[in-house]
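The values are calculated or read from the model by the stated rules, or taken from the named source; none is laboratory data. Here the structure is a predicted model, which means the values were calculated and not measured. Backbone-built Cβ (ideal geometry, glycine too); neighbour counts: all protein chains shown. Just the protein is used for accessible areas: all its heavy atoms, side chains included, with ligands, DNA and RNA removed. Shrake-Rupley method; radii C 1.70, N 1.55, O 1.52, S 1.80 Å.
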Amino acid sequence: MELTNESKVIDEARQGEATVVTGENSSGRKLYIESYGCQMNFSDSEIVASVLTDNGFSTTKQMEEADVIFINTCAIRDNAEQRIRGRLKEFRAAKGKNKDLIVGVLGCMAERLKTKLLEEEKIVDIVVGPDAYRDLPNLVAEAETGQKAVNVQLSKEETYADINPVRLNSNGITAFISITRGCDNMCSFCVVPFTRGRERSRKPESIVAEAQELFDNGYREVTLLGQNVDSYLWTGGGLKKENPSKEELENATNFAQLLEKVALVSPDLRVRFSTSHPKDMTDDVLYTMAKYENICNYIHLPVQSGNSRVLEMMNRGYSREWYMDRIEAIRRIIPGCGISTDIITGFCSETNEEHKDTISLMEWVGYDFAYMFKYSERPKTLAQRKYEDDIPEEVKGERLKEVIDLQMKLSDVSNKKDVGHTFKVLVEGTSKRSDEHVFGRNSQNKVIVFPKENYKPGDYVNVLVQDCTPATLLGKAV
Ligand code: SF4
């Protein structure tokens, strides 16, 4: 899963990478938190807010009012970290005004750099990794005595299953539910296994309970989150077992079974999930999606490259042919399913012919949209240790531009195909461009904007698509 992006085809529901916590409900100390990176990080910030509000904090969106500032970080590419360093410089002014202000760095950059971050960024008081958020009240207390506080212990057990997230920046309709933490894949370009640790699945009962509570509180859509949701397997907790026993498997819950359990909460609760992995996605998952109308017909299936030799160097665990077989299975079992992906251009030793394989695969699939990146070498990854980052930056950039231009065309073609068709849309809010219009998404995860009339967030509306842009469908309720 890498959901920070340099160049996706923007649509209305996904803009904005920094989120600010709001809420002025308690008289305790005030917390201000910003989140960057993937949905898993945004979901983790909801856990952090819950841990702190359970310990007497309230939250504020005014940085100037804060007693504690947390920044939840991403380490997926160098520019993601540079952005955080820039933000930390901006926090200096706030610290200048309030010398008791506590500044904490959370998330993947904290886990990757550990105490080195304290040496490099003097303004930082607390450094906390993704598995140590329960320890935050102690670390804040330590920092309030003037000491630097660090906890970057990765866990074999932690899933925060018993912590009730505080919904942040919520529209009150859609919410994330994390189902696994960490990742056991070792894609050679990726830092996630080093910053989020080994894979653990969360107890299914706690996931279903969270979905039920969200539904009872008016939410109408949940997105099940994991670095690789397809390898979800609950066999009683802890690290994922390489070879679970026959008995353990009989009592286990795999991803298809979990999807069904969540879908059965209510037919009015939409279920989405992210991110899938081509090597682990089973037909069982696809048949379960086809069986329940409320499991959305949309799959984010990162391919990264269209060439089998490059995929092998990336240690992705599948070939171009295997990936195409998965796409054919989706088309066969769930006709009309929306499909998006992730693409990396300019990976180590990628030839122009191999790059053309990525282009031809994109054309063959006809993706609805994609997250597209230039290869960014990351410290300690397999690729950094084994391969030379030998593709010149401008060549990486040219290939990225070619991929982006193609995706714009594919998104436009995909949206034009929807004109004249009617889709069931879950209203999420008022359009950013017009108060007379609302927006929502169809099952295929496409944003549709249409006249407001008396519709309100949480309503399901049948909308006839009349026009489109590469990013958005435009229609009217029918
Ligand atoms: S190691 Fe691979 S599967 Fe795991 S998070 Fe990174 S890119 Fe995704």
Check 187, 108 and return the single one that is outside the structural domain of residue 85 (by TED's automatic domain parsing) and either over 16 Å from residue 202 (Cα atoms) or within 16 Å of the ligand (Cβ to nearest atom) (or both).
187
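This table checks each residue for (1) out of contact with any Cys (no Cβ under 7 Å at 6 or more places or on another chain); (2) in a helix (DSSP H, G or I).
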site: 405; (1), (2): yes, yes
site: 413; (1), (2): yes, yes
site: 432; (1), (2): yes, no
site: 443; (1), (2): no, no
site: 448; (1), (2): yes, no
site: 465; (1), (2): yes, no
site: 476; (1), (2): yes, no
Report yes if residue 173 is closer than 19 Å to residue 262 by Cβ, within 16 Å of the ligand (Cβ to nearest atom) and surrounded by 19 or more Cβ atoms within 10 Å (Cβ to Cβ), otherwise no.
no
Taking interchain pairs and intrachain pairs at least six residues apart, which have beta carbon atoms under 7 angstrom, with the first residue in segment 458-478 and assigned by TED's automatic domain parsing to the domain that holds residue 404 and the second open to solvent by 50 Å² or more (accessible area, probe 1.4 Å) and among the hydrophobic types (A, V, I, L, M, F, W, C)?
none
Would a scan of segment 99-108 turn up a residue that is at pLDDT below 95 and loosely packed, with under 14 Cβ neighbours inside 10 Å?
yes
Here, strands (runs of 3 or more DSSP E) confined to segment 249-355 with at least 3 residues that are open to solvent by less than 20 Å² (accessible area, probe 1.4 Å) and in contact (Cβ under 8 Å) with a residue 60 or more places away in the chain are 270-274, 338-345
State all residues of segment 190-201 that are crowded, with 22+ Cβ neighbours inside 10 Å, within 9 Å of the ligand (Cβ to nearest atom) and part of a loop (DSSP other than H, G, I, E, B); if no residue qualifies, say none.
190, 191
So in segment 60-81, with the set limited to residues that are of a type in the set (S, T, N, Q) and open to solvent by 10 Å² or more (accessible area, probe 1.4 Å), which one is nearest to residue 125 (Cα to Cα)?
62
For segment 75-88, enumerate the residues that are touching a residue at least 24 places away in the same chain (Cβ under 8 Å) and in a helix (DSSP H, G or I).
78, 79, 80, 81, 83, 84, 85, 87, 88
Out of (1) touching a residue at least 12 places away in the same chain (Cβ under 8 Å); (2) away from the ligand (no atom under 16 Å from the Cβ), what's the single condition that is false for residue 224?
(2)
